[in-house]
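First up is the structure itself, then whatever we jot down about it.
Values quoted throughout were computed directly from the atomic coordinates according to the rules given, and no laboratory measurement underlies them. In this text the structure is predicted, and so the values were computed from the model without any measurement. Here the Cβ positions follow ideal geometry from the backbone for every residue, glycine too, while neighbour counts run over all protein chains shown.
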Amino acid sequence: MARRRTPGVAAPSRSSGSGIFKLVRGAFLFLAVLLVTVGGVSGFVTYKILSERNDTERITPDAIFQTSYVNLSFTDRRGREHDGWLLVGLQSAPAIIFCHGYDSNRSDLLVLGNLLQTNHFNAYVFNFQGPKVKDKLTDLGLTQVEVLQAAIGKVTQQTGVNPNRVGLFGVDSGGFAALAVAEENPLVKALVVDTIYDDPREMFNAQVEQFLGGGTAKSFQFFPYTIFKLLNYSKTKPPVRQSLKELTGKPTLYIQGRDSGLLAHQTEALYNAAPEPKRLLVLDQSYPTLASGTVKKEYEDQVLNFFLQNLPLRAD
């Protein structure tokens, strides 16, 4: 009688198991390389944005006009010294303090300051950064709030400056500081802010978009945005939007430059949420991108007329 043969069970193929292992290992290596690459690029983008600073002063008061001014520096509460020029106006007139923006310095607002001085205001233009300030990275406005408070304290102590009334002009990060300080400081009676935001993270996102281009930035910005948040985790953000009601009775001119992308929408949103008296001026360009010429002169005249109407030279 023939013996039946029991069917054998096929052993697992070594080549099959080895292939799966190689596939998993390859996927893991790909993800690791991807994370390292994205992390490296994110770190580079974040560093480039936050380390941008312009210390080169293109003009000085002596270079462009004959005017009465004094070099006036001040020290903030952290002991850092900031350079400034006080353009001397009418005796006992209020001071208008100019807050430069991102990747800028005091010289960029000097011509506008001189226009206000020519019309009898005291005008103060100063540096948030500079050779005597050792911060390597900017926090896009958070530190500038306390610096501006110190600047107001210094300027209002000067002989010939009205100690009770101050005007502010600020662009992007300087505008953020101006808005936050105006909500807190009763000496601020009128302000002009150009291309603003209520959270420095919005400014950071706008810079990422400009650095990488719109489409790429939207899919990529999460990583540098996270790095920015971690770098500034311990810093307190002033509640700018929540405190807009504190501007009640303080005339405010909001300038929206259509060329400022995300920040154009931020500026309009803050204007809509702000109390009266207020005005929105919509232009094709914000101040930093204006070249000299008729358009820039019209912009500067708008700022001058606003302060002439809302910050009287003599009254207290």
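Before moving on, here are some points about what is shown:
- Filter on 48/250; 48/189; 136/229 - keep pairs with C-alpha separation over 28 Å: 48/250; 48/189
- Between region 58-109 and region 234-280, the Cα center-to-center distance that results, in Å: 25
- Exposure proxy ranking, count of Cβ atoms within 10 Å, fewest first, for 118, 143: 118, 143
- Using the empirical formula 2.2 N^0.38 Å as the baseline, the Cα radius of gyration of region 149-278 reaches a ratio of 1.16.
- Cut-off under 5 Å, modelled amide H: who pairs with residue 93 long-range: 162
- Per-residue Cβ neighbour rank within 10 angstrom, fewest leading, 152, 49, 59, 97: 59, 152, 49, 97
- Rounded to whole Å, sorted largest first: equivalent-ellipsoid semi-axes of region 62-121, Cα gyration tensor: 21, 15, 11
- Cβ-based exposure ranking for 47, 271, in which fewest neighbours within 10 Å come first: 47, 271
- Translational diffusion of region 204-316, estimated by Stokes-Einstein from the Kirkwood radius over alpha carbon pairs at 25 °C in a medium of 0.890 mPa s, is 146 µm² per second.
- Kirkwood hydrodynamic radius of region 47-310, from inverse mean 1/r over distinct Cα pairs, in Å: 18.5
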